[in-house]
Amino acid sequence: MRRPLIAGNWKMYNNVSETLVFFDNFIKLVENLEGVEVAIFPPFTSLWEAAKKTAGTKIKIGAQNVHWEEKGAFTGEISPNMLKEIPCEYVIIGHSERRQYFAESDETVNKKVRAVLKHGIKPVICVGENLKEREENLTLKVVLPQVRKALADVELLSGEEIVFAYEPIWAIGTGKVATPEDAQEVIKNIRKEIETLYNKNIAENVRILYGGSVKPDNIKALMQERDIDGVLVGGASVDPQSFYKICAYKEQGVE
Ligand code: PEP
């Protein structure tokens, strides 16, 4: 059984003082939630305080990016062992905003995935097509090669050490959410691709999230799909109340 993961990507929101206020509210809200894993991905400057504030709670902390080298003259970059020290359990790799604005490529995604796995940090690997590709029926032709390239020369023991997030670019921050059926179809195919690359057991253990305009009113339908193991939430994760409502989707009657 894959444990659902509800992940909040804060992007470039919430400085240190806003982070502390967020957790003052959010920790109380989620302390009794059962059967889901909750992770928050603050900006780098807020990671340390976020980790201190959530130590001993159920909330996991992750970073939004990482460099693949251990150390060196790479101004502005952060290494996997620096994240491990925080400690970060997760790191987002290959978010479409990084692919679009910061020249992230399938090759750098792969280097980052291999680097963080050496430190026991779980990558949340983002893949997804743009609107033109979707309209031209190219979704799987775009997404499955992204999956294969991210996993090139990656050895997996159980599959639990990585997470994928299927995030159609046209759905991120736009208010347009993929239908649960469309998201399920792509995610099912990502799982099949992982099975081809490794084996059925590993494919069944990898958690695959959906991301793109997830809100309290559409989470329930998404989580009813067999292969959707959670969500990566941007905008709606910055506010503790709205993110809590997404984390508490089981209380809307989803099992
Ligand atoms: C994201 O940043 O990964 C995301 C899915 O954003 P939003 O929920 O705002 O669409």
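The values are calculated or read from the model by the stated rules, or taken from the named source; none is laboratory data. As the structure is a prediction and not an experimental result, all values here were calculated from the model. Because the Cβ atoms are built from the backbone with ideal geometry, glycine has one as well, and the counts that use them run over all protein chains shown. Note: accessible area is taken over every heavy atom of the protein model, side chains too, but ligands, DNA and RNA are not part of it. Shrake-Rupley method; radii C 1.70, N 1.55, O 1.52, S 1.80 Å.
Observations on the structure shown:
- The figure for residue 204 is an accessible area of roughly 50 square angstrom, using a 1.4 Å probe on the protein chains alone.
- Charge tally in the Cβ shell below 9 Å around residue 58, where Lys, Arg are +1 and Asp, Glu are -1, residue 58 excluded: -1
- Choice from 128, 234, 173 with maximal GNM fluctuation in the chain (Cα, 10 Å cutoff): 173
- Amide H contacts under 5 Å for residue 214: 234, restricted to partners 5 or more places along the chain or on a different chain, H placed in the peptide plane at 1.01 Å from N.
- Anisotropy class of the chain from Cα gyration tensor, a/c 1.5 cut: rounded
- Percent accessible area from carbon and sulfur atoms, the stretch 1-110, protein chains only, probe 1.4 Å: 55
- The chain - mean residue ellipticity at 222 nm from DSSP helices (-39,500 (n - 2.57) per run, n ≥ 4, rounded to 500): -12000 deg cm²/dmol
- Charge tally in the Cβ shell below 12 Å around residue 216, where Lys, Arg are +1 and Asp, Glu are -1, residue 216 excluded: 0
- When the alpha-carbon atoms of the stretch 46-138 are used, the pair Rg, Dmax equals 14.9, 48 angstrom.
- Each Lys or Arg adds one and each Asp or Glu subtracts one; over the other residues with Cβ under 10 Å from the Cβ of residue 185, this totals -3.
- Against the criterion of solvent-accessible heavy-atom surface with a 1.4 angstrom probe, 170, 68, 48, 10 sort, most first, into 48, 68, 170, 10.
- Between the listed residues 105, 169, 62, the Cα displaced farthest toward the positive end of the dipole of the stretch 46-199, a dipole computed from Cβ unit charges relative to the Cα centre, is found at 62.
- Across the chain, the mean sequence separation of Cα contacts (distance under 8 Å, 6 or more residues apart), normalised by length, yields a relative contact order of 21 percent.
- Under 14 Å from the Cα of residue 53 - aspartates and glutamates, other chains or at least 8 residues apart: 18, 24, 31
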